[in-house]
Amino acid sequence: MKKFMALVPLLLLLAPAPARADLLVHTFDQLYHSWVNTHIDTFDFPTENLEIATVTLQYTIGCPSGPGDCDPWDRLGHVYIYEPETDSTLVTHELARVITPYDITGGSYPGTCAWELDVTDFQHLLQGQVILGSQIGTYIGEPDGWLVTVDFLFEEGPTSIRSCGVETLWLHNSAWYGNPDQPFSDYVPPVNVTVPADVDSVKLRITTTGHGQGNTYNAAEFSEMLHSLFVGADYFSHILWRDDCNSNPCSPQGGTWQYNRAGWCPGSISEPWEISGFSWQPGGELMVYYFPQAYLNLCRPCEDCFDNPPPNCPDCNYNSTGHTSPYYSTTGQLVFYREVEESVVEATAVVKRFELHRNYPNPFNPVTNISFTLEQPALIALEIFNLQGEVVELLSEGFRAAGTHLVQFDATANSSGIYFCRLQVAENQQTIKIACIK
């Protein structure tokens, strides 16, 4: 069984809008993927009765070293969490979905990318011994593929509500789109769920990505379509479309990564569509029915298509390159919550008396500036650790006056990679995650 990194107060400041946290759990560490199989392992998460305001999953993807390289194609990837149902059975939940970069090696390409996703909805499952799975739908084979690292960042703090259960309705069900012989509802059918009697609120999460091109309207990857759902008698809809692919922080990439797509931006996390405000009753039945806009694909293998193919459809056969079958991959989850007693919330409020600030630049090569602020004079220790928890350098130690202090970390003698800078003040500590890229 793998162990998590020592729990340390953490202030993550790697991404432009980083998640703040007080605990870090390091799980998959540059896990190699070259095929579509799922890699499963067990990790130790905190078991203390902590008040957690948010939980953030950070997903980092990189490339195998020579003679291997990244899989150059954009693939669908997943992080799963497995909930014990009985002593011998597990229920699988999709924790996060990623689209791998189109190509990130060579020239000025970054070679590695990291993204964050709020997974506070799964807080009740992220404690004690946790079984996780990682999968990327790649068929590239050795020595090429992907290296995946997954960290969980816990921010302590008061909260008025806490997740207590999740019901998976569909687990990335792949549904053909536009083929009347294979209707969407055959693959993503309506589901009836019994709401637990002891919950205070309910939220629905829908994660959908469209793939396939060369079809009528260039569906499903390159067509804006309305996606709708009924939750009981309540109706909701949105356009499944992303117009921010070109602002992806994982850039530049090769190919057509910057084009707008139906939930599929190469090199990005797929954010769920979150729905609340629908009517429900504790202990009552709730029907969830999800469906995309009506659509008929006239550019597909069928008798009518071959007899009279539409314009811009010279070949109705799917060829696995410029013309691929349109489909949507959909996960649906109902998340249940209970309110937190007010007395518990008040008792866990913490007053911060010092702060370790974001380093700059970050990433850096080879020098970065690290600053911290003390509200009152204190004995401190400022240290750099590597991913193995080993001290790389003691930057500052001793009595320091109140105010802001600036220290430089010179990594000339250190290799490229992820490091942690920890500020110890009395019995308390904070940490930032920093990246040296040479």
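The values are calculated or read from the model by the stated rules, or taken from the named source; none is laboratory data. The shown structure was predicted, so the numbers you read here are calculated from the model rather than taken from an experiment. Note that each Cβ is placed from the backbone with ideal geometry, even for glycine, and that neighbours are counted across all protein chains shown.
The condition (being in contact with a Cys (Cβ under 8 Å, 6 or more places away or on another chain), of a type in the set (S, T, N, Q) and assigned by TED's automatic domain parsing to the domain that holds Pro110) is satisfied by just one residue among Asn215, Asn192, Asn246: Asn215. Of all residues in region 302-314, one or more are more than 19 Å from Thr207 (Cα to Cα), touching a helix residue (DSSP H, G or I) at 6+ places or on another chain (Cβ under 8 Å) and modelled with pLDDT under 85.
In region 291-303, the residues that are in the same structural domain as Ser325 (by TED's automatic domain parsing) and more than 22 Å from Ser320 (Cβ to Cβ) reach residues that are of a type in the set (Gly, Ala, Ser) and in a loop (DSSP other than H, G, I, E, B) with C-beta atoms within less than 7 angstrom, at least six apart or across chains, in these pairs: Leu296/Gly178. Just one of (1) over 30 Å from Ile418 (Cα atoms); (2) of a type in the set (A, V, I, L, M, F, W, C); (3) under 19 Å from the mean Cα position of the chain (by Cα) trips up Ile136, so point out which. Condition not satisfied by Ile136: (1). Within region 202-234, the set of residues being hydroxyl-bearing (Ser, Thr, Tyr) and not in a strand (DSSP E or B) comprises Thr216, Tyr217, Ser223.
Does Ala411 qualify as being at pLDDT below 85 and small (Gly, Ala, Ser)? Criteria not met by Ala411. From the list Gln388, Gln408, the one residue that fits, being surrounded by fewer than 13 Cβ atoms within 10 Å (Cβ to Cβ), outside the structural domain of Gln30 (by TED's automatic domain parsing), without any contact (Cβ under 8 Å) to a residue 24 or more places away in the chain and not basic (Lys, Arg), is Gln388. In a residue-by-residue description of region 431-438, the property of being assigned to a loop (DSSP other than H, G, I, E, B) and either within 25 Å of the chain's Cα centre (by Cα) or at pLDDT 90 or above (or both) applies to at least one position. Checking each residue in region 235-261 for being free of Cβ contacts under 8 Å to residues at least 60 places away in the same chain and part of a loop (DSSP other than H, G, I, E, B) picks out Trp241, Asp243, Asp244, Asn248, Gln258, Tyr259, Asn260. Residues in region 121-154 that are of a type in the set (Ser, Thr, Tyr) and surrounded by fewer than 20 Cβ atoms within 10 Å (Cβ to Cβ): 1 in all.
Of everything in region 15-49 that is of a type in the set (A, V, I, L, M) and part of a loop (DSSP other than H, G, I, E, B), the residue that is modelled with the lowest pLDDT is Ala15. Any residue that is buried (at least 19 other Cβ atoms within 10 Å of the Cβ) and within 19 Å of the chain's Cα centre (by Cα) - is there at least one of those in region 80-87? The answer is yes, given that some residue of region 80-87 is buried (at least 19 other Cβ atoms within 10 Å of the Cβ) and within 19 Å of the chain's Cα centre (by Cα). For region 276-296, residues that are over 13 Å from Tyr177 (Cα atoms), more than 27 Å from the chain's Cα centre (by Cα) and not charged (D, E, K, R) total 8. Residues that are touching a strand residue (DSSP E or B) at 6+ places or on another chain (Cβ under 6 Å) and surrounded by fewer than 20 Cβ atoms within 10 Å (Cβ to Cβ) within region 65-79 are absent altogether. Taking the stated definitions as given, is Asn179 surrounded by fewer than 16 Cβ atoms within 10 Å (Cβ to Cβ) and touching a residue at least 40 places away in the same chain (Cβ under 8 Å)? Answer is no for this residue.
When Leu394, Leu379 are checked against the criterion of being in a strand (DSSP E or B), in contact with a Phe, Trp or Tyr (Cβ under 9 Å, 6 or more places away or on another chain) and surrounded by fewer than 14 Cβ atoms within 10 Å (Cβ to Cβ), Leu379 stands alone in meeting it.
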